[in-house]
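The values are calculated or read from the model by the stated rules, or taken from the named source; none is laboratory data. Values in this document were obtained by computation on a predicted structure and should not be read as measured data. So basically every Cβ, Gly included, is an ideal-geometry build from the backbone, and we count neighbours across all protein chains shown.
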Amino acid sequence: MATTLFTQNTIACIWDFDKTLIPDYMQAPLFRRYGVNEAHFWAETNSLVEHYQKRGYRLSGEIAYLNHILTYVLAGKLPHLNNRLLRECGADIKFYPGMPDFFDRSRAFVKEKPEHAKHEIVLEHYIVSTGLAEMIRGSAAAVDVDGIWGCEFVENPLQPGFLRQKEMDLSAEAGIAQIGMVIDNTTKTRAIFEINKGTNKNPAIDVNSNIRPEDRRIPLQNMIYIADGPSDIPSFSVVKNGGGKAYAVYNPDSTAEFEQNDRLRQVGRIDHYGPADYSEKSQTSKWLRLQIHKICDRIVSDREAAVALRVSRPPRHLSTSPQEDASAKAPKQTSFLDETK
């Protein structure tokens, strides 16, 4: 008997990280730990593409900062940097007000109305970042989210001939040596579709598989994407065009970021915007709660409409006289036995 893959009663909030959940770039604690000038590092990174182009090389801007971190490691500026140290530095990341408490607090939003609780609607949170996944895993946010996408480094890279070796000598303190995963502003959309199709929950489902809308785990219309600005336009567009909500946040102390988000709304890139303050009575917290409730209402409506469409009414007695026709029009208490005689 055919059945759908998922019940589609899950809502997903998908979050950018830098400048969205935190006011700074996540690498700041890493640079402080090693005494690296953060502004100088980013100035170098931003000029890499141009400088390599002058030397006849083509460099992807999306991996420039990852390559430059590895260059700093090789040059001894970030000596012995490994994933364990990245996680330790992640513990020093400071969040905007209300975060990461909002993750856990907002899960109660889907249970505030009895009709929502009746349909067992749940809320999940995902972080999709161009930053470093290991630093996010070491941060205070990690325990409260359902999945993390980010850039990753490899320690102990496999050496030539590894297929012929039965055992590999591994060093527990080996430094990062290669790029393992790159998440950029366009591949973020792949992560969105992995969440949409359920690839992250069921590895047997390939993200490139053709899956009917009704068989996808979290429909795009059940999603809210929250980020800080123009670099997230591809993700804003995917979610918004799929019927979900796009919300931009700005640093309350930055007029430029406020104006930037206002322009995004004017041109239809986002549904709304607000300050990066997630405390209980903040504008952003209230807007997200309202949208989550609206999505819950639609889920309930869709599920109840599906029941009405698929379940036929039980058979009733056919009237045989005018008196019975009249009595049939009057309210009558019936029992299951009456209807099935």
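Things worth noting here:
- Matching residues, region 102-117, being touching a helix residue (DSSP H, G or I) at 6+ places or on another chain (Cβ under 8 Å), assigned to a helix (DSSP H, G or I) and touching a residue at least 40 places away in the same chain (Cβ under 8 Å): F102, F103, D104, S106, F109, V110, E115, H116
- Among residues of region 198-223, those that are in contact with an Asp or Glu (Cβ under 9 Å, 6 or more places away or on another chain) and at pLDDT 95 or above, counted: 1
- Scanning region 59-98 for residues that are assigned to a loop (DSSP other than H, G, I, E, B), closer than 21 Å to F17 by Cα and touching a Ser or Thr at 6+ places or on another chain (Cβ under 9 Å) yields A91, D92, I93, F95, Y96, P97, G98.
- From L70, L21, L81, residue being touching a strand residue (DSSP E or B) at 6+ places or on another chain (Cβ under 9 Å), closer than 30 Å to G243 by Cβ and in contact (Cβ under 8 Å) with a residue 40 or more places away in the chain: L21
- Test: residue in region 130-141 that is under 23 Å from K94 (Cβ atoms), buried (at least 21 other Cβ atoms within 10 Å of the Cβ), in contact with a Phe, Trp or Tyr (Cβ under 6 Å, 6 or more places away or on another chain) and polar (S, T, N, Q): no
- Scanning region 224-245 for residues that are modelled with pLDDT of 95 or more and more than 12 Å from the chain's Cα centre (by Cα) yields D228, D232, I233, P234, S237, V238, K240, N241, G242, G243, G244, K245.
- Checked against the criteria, S129 does not count as under 30 Å from R298 (Cα atoms), hydroxyl-bearing (S, T, Y), in contact (Cβ under 8 Å) with a residue 40 or more places away in the chain and part of a helix (DSSP H, G or I).
- Y25 closer than 30 Å to Y273 by Cα, of a type in the set (S, T, Y) and in contact with an Asp or Glu (Cβ under 7 Å, 6 or more places away or on another chain): yes
- Residue check, L290 exposed (fewer than 15 other Cβ atoms within 10 Å of the Cβ) and at pLDDT 95 or above: yes
- The residues on offer are T189, T199, and the sole one that is closer than 27 Å to E62 by Cβ, within 13 Å of the chain's Cα centre (by Cα) and among the hydroxyl-bearing types (S, T, Y) is T189.
- Every residue from region 245-260 that is without any contact (Cβ under 8 Å) to a residue 40 or more places away in the chain, closer than 30 Å to C296 by Cα and aliphatic (A, V, I, L, M): A246, A248
- Selected residue [loosely packed, with under 15 Cβ neighbours inside 10 Å, out of contact with any Lys or Arg (no Cβ under 9 Å at 6 or more places or on another chain) and modelled with pLDDT of 95 or more] from A2, A91: A91
- Hey, L48 part of a loop (DSSP other than H, G, I, E, B) and over 28 Å from the mean Cα position of the chain (by Cα) or not: no
- Region 174-255 holds strands (runs of 3 or more DSSP E) entirely within its bounds, and those carrying 1 or more residues that are more than 19 Å from C13 (Cβ to Cβ) and of a type outside the set (G, A, S) map to 176-181.
- Test result for Y72, within 27 Å of the chain's Cα centre (by Cα), closer than 18 Å to V182 by Cβ and modelled with pLDDT of 95 or more: no
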